[in-house]
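Worksheet for the structure shown next.
The values are calculated or read from the model by the stated rules, or taken from the named source; none is laboratory data. Just so you know, these numbers come straight off a predicted model, no measurement behind them. Counting neighbours? That spans all protein chains shown, and the Cβs are built from the backbone with ideal geometry, glycine included.
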Amino acid sequence: MAYEWKFNKRPYTDEEAKELLKTVIDAETTDWHYNTHHKGYVTFMNNIEKELETADRAKANGNYSNVGELKRRFTWNHAGALLHDVYWEVLGGDGDTAKGPGSDFSNRKRIWLCG
Ligand SMILES: [Fe+2]
């Protein structure tokens, strides 16, 4: 069974975001960035996890493999999801660095290995 990545909640609700972030990002944009853009990265990560379960590793060659392409796409989407997690924490923080990004990356401990 494929690993399932979570769409992490922001430190505030969608409604709270509209008020909290209104001086830096408008309500429509913040909603799109979280509920479409950020969520899309997580959706693609999960789709790629499923594709990797059945990808044919025997067809790989020195220049190209479907597995390699899936991992490259995974890296892109993972970076997008992680950066959005940090983005929301920074924008909605209260200035206490102990609560900031990096204080809990327990959901990020999975490491990709070759093969
Ligand atoms: Fe975004």
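Here are a few things to note about the model shown:
- Once the stretch 60-92 is narrowed to residues that are part of a helix (DSSP H, G or I), more than 13 Å from the ligand (Cβ to nearest atom) and modelled with pLDDT under 90, the residue that is nearest to the chain's Cα centre (by Cα) is 89.
- Filter result for residue 9 (surrounded by fewer than 16 Cβ atoms within 10 Å (Cβ to Cβ) and under 28 Å from residue 88 (Cα atoms)): yes
- Some residue of the stretch 93-101 being assigned to a helix (DSSP H, G or I) and either modelled with pLDDT of 90 or more or touching an Asp or Glu at 6+ places or on another chain (Cβ under 7 Å) (or both): no
- Residue that is farthest from the ligand (Cβ to nearest atom) [pool: residues in the stretch 3-21 that are assigned to a loop (DSSP other than H, G, I, E, B) and free of Cβ contacts under 8 Å to residues at least 12 places away in the same chain]: 13
- Sub-8 Å Cβ pairs linking a first residue in the stretch 22-45 that is without any contact (Cβ under 8 Å) to a residue 40 or more places away in the chain to a second residue that is among the aliphatic types (A, V, I, L, M) and part of a helix (DSSP H, G or I), at least 6 apart or interchain, are 27/17; 30/17; 31/17; 42/81, ordered by first then second residue.
- Residue count for the stretch 22-44, restricted to those that are polar (S, T, N, Q) and more than 16 Å from the ligand (Cβ to nearest atom): 1
- Residue pairs meeting the criteria (Cβ under 7 Å; at least 6 apart or on separate chains; first in contact (Cβ under 8 Å) with a residue 40 or more places away in the chain, in the stretch 68-84; second surrounded by fewer than 14 Cβ atoms within 10 Å (Cβ to Cβ) and not in a helix (DSSP H, G or I)): 71/112
- Residues in the stretch 52-65 that are in contact (Cβ under 8 Å) with a residue 12 or more places away in the chain and surrounded by 15 or more Cβ atoms within 10 Å (Cβ to Cβ): 52, 55.
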